[in-house]
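Below you'll find the structure, written out as structure tokens, and then a few comments.
The values are calculated or read from the model by the stated rules, or taken from the named source; none is laboratory data. Just so it is clear, the model here is predicted, and its values are computed rather than measured. Cβ sites come from the backbone with ideal geometry, for glycine too, and all protein chains shown count toward neighbours.
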Amino acid sequence: GNSVTQMEGPVTLSEEAFLTINCTYTATGYPSLFWYVQYPGEGLQLLLKATKADDKGSNKGFEATYRKETTSFHLEKGSVQVSDSAVYFCALMEDSSYKLIFGSGTRLLVRP
Amino acid sequence: DTEVTQTPKHLVMGMTNKKSLKCEQHMGHRAMYWYKQKAKKPPELMFVYSYEKLSINESVPSRFSPECPNSSLLNLHLHALQPEDSALYLCASSQLISRRGYTFGSGTRLTVV
């Protein structure tokens, strides 16, 4: 079945460091890909999305490119802030059922 | 209005209690979802409603009973829960046949004692 694999966390960075969180997927068809962010004690917020190969999603300085050849959707940010500390979930939406399938989540901790 | 509103935010219930979680959206979305999230885990899909009809039940125990009284409201009725059912319950909505993703509420943190 379809699945999403994320790098294990926690990822600990100093403020202004470069961030990469790896995400790869297994899917039939042409899924859409998403990054959601969950701040402590809150629900999930859509961070960015890409609906087809080579699309780049971006928001709030975060970027991810839909790479069909490597089945990847890695999240990047050039300069992280303390306020970016959260759990980040990579997810795919099946193009047949429109179900959203999540990866295991990666906790990011940014230190001042 | 671009929000999904869930009430209550916190709920403590005994194993013999009956309670309900409520979810509301006014974005015109015709698909609504219940997810369960345990600590340090990703959300797990429980139920999907499309056009107010239950379309997916992910083999959820019958002590969880969903209801969709209209296109804006989604309820989750709880009865005879177990302590292991303690979790964050998230509601979400989306347009049908859309690749835009889901909009999630802030969740109800449920503790079963």
In region A:1-29, how many are hydroxyl-bearing (Ser, Thr, Tyr), within 26 Å of A:Ser79 (Cβ to Cβ) and surrounded by fewer than 17 Cβ atoms within 10 Å (Cβ to Cβ)? 3
Residue match in region B:48-69 (condition: at positive phi, in contact with a strand residue (DSSP E or B) (Cβ under 9 Å, 6 or more places away or on another chain), surrounded by fewer than 20 Cβ atoms within 10 Å (Cβ to Cβ) and touching a residue at least 24 places away in the same chain (Cβ under 8 Å)): yes
Does region A:70-86 contain at least one residue that is under 24 Å from B:Leu96 (Cα atoms) and either within 11 Å of chain B (Cβ to nearest Cβ) or among the basic types (Lys, Arg) (or both)? no
Among the residues listed as A:Ser32, A:Ser104, A:Ser96, the single one being surrounded by 18 or more Cβ atoms within 10 Å (Cβ to Cβ), within 12 Å of chain B (Cβ to nearest Cβ) and either touching a helix residue (DSSP H, G or I) at 6+ places or on another chain (Cβ under 7 Å) or closer than 30 Å to B:Ser50 by Cα (or both): A:Ser32
Taking the options B:Gln82, B:Gln95, name whichever one is more than 22 Å from A:Glu42 (Cβ to Cβ), over 14 Å from the mean Cα position of the chain (by Cα), surrounded by 16 or more Cβ atoms within 10 Å (Cβ to Cβ) and touching a residue at least 12 places away in the same chain (Cβ under 8 Å). B:Gln95
Test for A:Tyr88: is it under 29 Å from B:Thr7 (Cβ atoms) and modelled with pLDDT of 95 or more: yes
What is the residue count in region B:86-102 for residues that are within 27 Å of A:Met93 (Cβ to Cβ) and at pLDDT 95 or above? 7
Filter result for A:Leu33 (closer than 20 Å to B:Ser106 by Cα and either touching a residue at least 12 places away in the same chain (Cβ under 8 Å) or in contact with a strand residue (DSSP E or B) (Cβ under 8 Å, 6 or more places away or on another chain) (or both)): no
Any residue that is within 10 Å of the chain's Cα centre (by Cα) and more than 9 Å from chain A (Cβ to nearest Cβ) - is there at least one of those in region B:37-45? no
Please go through region A:41-69 and pick out each residue that is of a type in the set (Asp, Glu), within 10 Å of chain B (Cβ to nearest Cβ) and farther than 23 Å from B:Val4 by Cα. none
Restricting to region A:53-87, name every residue that is more than 17 Å from A:Gly9 (Cβ to Cβ), not small (Gly, Ala, Ser) and not in a loop (DSSP other than H, G, I, E, B). A:Lys56, A:Asn59, A:Glu63, A:Thr65, A:Arg67
